[in-house]
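Undergrad: Pasting a structure here, questions to come.
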Number of protein chains: 2
Amino acid sequence: MKKVAVKVLEESGSQALQYSTTEGFEPLRKQIAKKINAKFKTNVDYSNILITSGSQQALDFSGKLFLDDDDVVLCESPTYLAAISAFRAYRAKFIEVPTDENGMLINELERILQQNKSVKLVYVIPDFQNPTGRTWSLERRQQFIEIINKYDVPVIEDNPYGELRFEGEMLPAIKSLDKKGLVIFVSTFSKTFCPGLRIGWIAADAKFIEKYVLIKQGADLHTSSISQREISKYMELYDFDSDIEKIITVYRRRRDTIVDAMEKYFPSDIKFTRPQGGLFTWVELPINMKAKELLNRCLKQNVAFVPGDSFFPNKVIENTFRLNYSNMSEEKIHEGIKRISKIINEGQQ
Amino acid sequence: MKKVAVKVLEESGSQALQYSTTEGFEPLRKQIAKKINAKFKTNVDYSNILITSGSQQALDFSGKLFLDDDDVVLCESPTYLAAISAFRAYRAKFIEVPTDENGMLINELERILQQNKSVKLVYVIPDFQNPTGRTWSLERRQQFIEIINKYDVPVIEDNPYGELRFEGEMLPAIKSLDKKGLVIFVSTFSKTFCPGLRIGWIAADAKFIEKYVLIKQGADLHTSSISQREISKYMELYDFDSDIEKIITVYRRRRDTIVDAMEKYFPSDIKFTRPQGGLFTWVELPINMKAKELLNRCLKQNVAFVPGDSFFPNKVIENTFRLNYSNMSEEKIHEGIKRISKIINEGQQ
């Protein structure tokens, strides 16, 4: 990064430090378009890309663009916590669409769309979802886009983790199946490169991008020119994908470690997901066991997780939690699961 | 900047590239608090500072925090274009408070506050205002804060240009006169350092800062860690104020050049401001002369300015325009004014 930072300042220091266009640094927009077209089978031009300050900003802007008091957002149940906050800031309401291990249940989705005329947005994370780690099957993606086309409702496809696949084939983004331009694909460099640079993007049809650009203009004019140019230069000079491979190798081992440890130590009535990529696994305790109480006991043993209740915008579900295996050594992961298991077992005696 | 970028990455590369706190980089918040307390006589602690992505983001957040459909914002007449857009995004309405060369007319301000119960925010730029270049007198600031206290309404004091004073004494910020914590002071490094880094800030009482932090969390988590650390390191290693002195020296000469040229060439029925700092002067044509028509003719001679109508949220005023003298050589400024004058004179024959 030092080399890159110096190169950017040497080659284009004055532009990098000046105001720039709201849409973002053109070479970076081209690199992103090329990347997602190759990896997720989308077919977007760089003109369909708006650079944002992380994908969180893309979610906030989506709230601003689509949502008003009491408008309804459909989301997976559970869904990403910070998306709930972003949309709630616009006083939207949520309907949780029931999901299984392959994604939203399509019959349920259609039933809800039929019954609710004030659905303004559907929010999904089809790849290695936060918090569950689950991935939508190709068939489910196809069924989903059919229903979306029928009811003509915009979709946010949030995909921060899709590039972090440990095994199996990459699946095409829902955006790649979208013929009506209803899907807005949102992603970020935060999970594959550096979160501190705060660079994300929106890939969408021109009709949406134009509106997002106006919102961005009013919100912060543009994303840091220097951060944009640094990532772009890095992608130009280095093999970005081999860096991702390194991350994947580490995360895969950590996923293996956590899943193995849970299989070994957890009582058999505790369910958990085995993610094929990303950062998270999702644990379901027996119905009478409260994740928050468990957390309180675990904290005393220096182990932490995120109780699942805050990932449900409406439902009260107290017996789930999310584990993030990406930022701990295998040794600590193993020890952590062992401690959680011990505390669970003590509680059940 | 190259030195600074390398130093930041060497000393704290991993933190600079990671997620960081929403409030911002603590040493930078301390540097900002110290700076504005010294320059503008405020009395804020670093805990009162939130780092934003440019001051535009501070305006957007203020809209989000204070404004809802049909709420009223009071502003100077004219006022900053991008603030109008930022607040309009929240479907607010504006009432323009008449101003003279010393700031808002206090009697008018009070009359409007008496008559309108839906005023939720007052927006002012007391130092070298955009677009007029005018600065509020100390007396007017004192009268203003008295009325604000009486009606208990929050104020955004937008001060991006205050450090760029060419002559005379720095005036205390309205924030420095604020005993009830109603004033939210907003500024940026964009005019004194590098706009491309997109670093601005909000200085306000804890009760407001807490809410702004929540908004920032939902909007983009935090501002680029690396940009924040670079500015902070720069301020630590170099004499920031002597850099500003250099900018001031250049801008002062340009201000002199533009004012001299306008005095020399403009017909006597054209009025203009003589700013004591900042980037802008404001020109008032005879009432029957339209700035947009003049602009069309000037563009053919490669001279441009911003017609004044868009700086009035409600009023239709077509005979004013804003000149930005900061980004042109003295030679070009002189030549530009000469050409505008020639075109005006031709039009009047």
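Undergrad: Going out from 0 in 10 Å bins, what whole percent of all Cα-Cα distances in region B:138-229 drops into each bin?
TA: 14, 39, 33, 13, 0
Undergrad: Quickly work out the residue B:149-to-residue B:342 label distance, labels modelled 7 Å from Cα along the C-beta direction, and quote it in nm with one decimal.
TA: Reported label-point gap for residue B:342 and residue B:149 is 5.6 nm.
Undergrad: Separate question: Can you list residues from other chains, or at least 5 along the same chain, whose modelled amide H is less than 5 Å from the amide H of residue B:170?
TA: Placed amide hydrogens put nothing under 5 Å from residue B:170.
Undergrad: Still on this model: Averaged over B:306-313, how many beta carbons belonging to a partner chain fall within 10 Å of each residue's beta carbon?
TA: 0
Undergrad: Would you mind ranking A:194, B:298 by Cβ crowding within 10 Å, fewest neighbours first?
TA: Taking fewest neighbouring Cβ atoms as first place, the list is B:298, A:194.
Undergrad: A follow-up question, please. Below 8 Å between Cα atoms, with a sequence gap of 6+, how large is the relative contact order for chain A in percent?
TA: 21
Undergrad: If you don't mind, another one. Which residue, chosen from A:50, A:177, B:112, occupies the Cα position most advanced towards the positive end of the dipole of the protein assembly as shown, where the dipole is computed from +1 (Lys, Arg) and -1 (Asp, Glu) charges on Cβ about the Cα centre?
TA: It is A:50, whose Cα lies furthest towards the positive end.
Undergrad: Does region A:24-173 classify as rounded, prolate or oblate by the C-alpha gyration tensor (a ≥ b ≥ c root eigenvalues; a/c under 1.5 gives rounded; else a/b over b/c gives prolate, otherwise oblate)?
TA: Verdict is oblate for region A:24-173.
Undergrad: Go ahead and estimate [θ] at 222 nm for the protein assembly as shown from helices alone: -39,500 (n - 2.57) per DSSP H run with n ≥ 4, summed, over the residue count, rounded to 500.
TA: Rounded to the nearest 500, the figure is -14500 deg cm²/dmol.
Undergrad: Between residue A:290 and residue B:301, how many nm apart are label points set 7 Å from Cα along the C-beta direction?
TA: So the two model labels end up 7.8 nm from each other.
Undergrad: For chain B, just say rounded, prolate or oblate: build the C-alpha gyration tensor, square-root its eigenvalues into a ≥ b ≥ c, call rounded for a/c under 1.5, and beyond that prolate if a/b exceeds b/c, oblate if not.
TA: Oblate is the answer for chain B, as a/c is 1.5 or above yet b/c matches or exceeds a/b.
Undergrad: In addition: Can you tell me the convex hull volume per residue for region B:178-239, based on C-alpha atoms, in Å³ to the nearest whole number?
TA: Each residue corresponds to 109 Å³ of Cα convex hull volume.
Undergrad: If you plug each phi of region A:114-130 into the Karplus form 6.51 cos²θ - 1.76 cosθ + 1.60 with θ = phi - 60°, what whole-Hz ³J(HN,Hα) values come out, in order, with x for Gly and Pro?
TA: Once rounded to whole Hz, the list reads 4, 7, 10, 7, 9, 6, 10, 7, 10, 10, 9, 10, x, 10, 6, 3, 9.
Undergrad: Then there's this: Once you have a ≥ b ≥ c as the square roots of the Cα gyration tensor eigenvalues for region B:51-101, tell me rounded if a/c is under 1.5, and otherwise prolate or oblate according to whether a/b is larger than b/c.
TA: Verdict is oblate for region B:51-101.
Undergrad: Okay, moving on. Assign unit charges at the C-beta atoms only (+1 for Lys and Arg, -1 for Asp and Glu), then state the dipole size of the protein assembly as shown relative to its Cα centre in Debye, rounded to the nearest 20.
TA: 520
Undergrad: Rank A:303, A:36, A:222 by how far each Cα sits towards the positive end of the charge dipole of chain A (+1 on Lys, Arg Cβ; -1 on Asp, Glu Cβ) and give me just the farthest.
TA: The Cα lying farthest towards the positive end belongs to A:303.
Undergrad: Provide a whole-number value for the mean count of partner chain Cβ atoms within 10 Å of the Cβ atoms in peptide B:56-66.
TA: The per-residue average across the peptide is 3.
Undergrad: Taking only C-alpha pairs under 8 Å that are 6+ residues apart, what is the relative contact order of region A:221-349 in percent?
TA: 27
Undergrad: Within 10 Å of each Cβ in peptide A:209-221, how many partner chain Cβ atoms are there on average? Round it to a whole number, please.
TA: 5
Undergrad: Binning every alpha carbon pair distance of the protein assembly as shown at 20 Å from zero, what are the percents per bin?
TA: In whole percents, the pair-distance histogram is 17, 46, 30, 7, 0.
Undergrad: Which percentage, to the nearest 5, of the DSSP beta bridges contained in the protein assembly as shown is antiparallel?
TA: Looking only at bridges with both residues in the protein assembly as shown, the antiparallel portion is about 55 percent.
Undergrad: Charges only on Cβ, +1 for Lys and Arg, -1 for Asp and Glu: so what's the dipole of region B:2-238 about the Cα centre, in debye to the nearest 20?
TA: Around 500 debye, computed over region B:2-238.
Undergrad: Would you mind working out the magnitude of the charge dipole of region A:109-204 relative to its Cα centre, with +1 at each Lys and Arg C-beta and -1 at each Asp and Glu C-beta, to the nearest 20 Debye?
TA: For region A:109-204, the charge dipole is close to 320 debye.
Undergrad: Now a separate question. Write out the trypsin sites (Lys or Arg not before Pro) in region B:80-164 meeting two conditions: DSSP loop, and at most 14 other Cβ atoms within 10 Å of their Cβ.
TA: B:91, B:117
Undergrad: A further question on this structure: Ordered by residue, what ³J(HN,Hα) values in Hz, to whole numbers, does region A:63-71 give under the Karplus form 6.51 cos²θ - 1.76 cosθ + 1.60, where θ = phi - 60° and Gly and Pro are x?
TA: Rounded to whole hertz, the list is x, 5, 6, 10, 10, 9, 2, 6, 5.
Undergrad: If you don't mind, another one. In whole angstrom, note down how far apart the Cα centers of region B:305-324 and region A:209-254 are.
TA: What the calculation gives is 38 Å, centre to centre.
Undergrad: Further, regarding this structure: What fraction of the DSSP beta bridges in region A:2-238 is antiparallel, stated in percent and rounded to the nearest 5?
TA: Of all bridge pairs located within region A:2-238, approximately 40 percent are antiparallel.
Undergrad: Pairs of Cα atoms under 8 Å, at least six residues apart: use those to get the relative contact order of region B:107-244, whole percent.
TA: So the answer I get is 18 percent.
Undergrad: What does the charge count near residue A:16 come to, summing +1 for each Lys or Arg and -1 for each Asp or Glu among other residues with Cβ under 13 Å from its Cβ?
TA: For residues surrounding residue A:16, the net value is +1.
Undergrad: Restrict the search to region B:175-264; then list the trypsin sites (Lys or Arg not before Pro) that DSSP places in a loop and that have at most 11 other Cβ atoms within 10 Å of their Cβ.
TA: Passing sites in region B:175-264 are B:179, B:180.
No value in this document is a laboratory result; all are computed from the given coordinates. Here the structure is a predicted model, which is why all the values come from computation and not from measurement. Every residue, glycine as well, gets a Cβ built from its backbone with ideal geometry; the counts of neighbours run over all protein chains shown.
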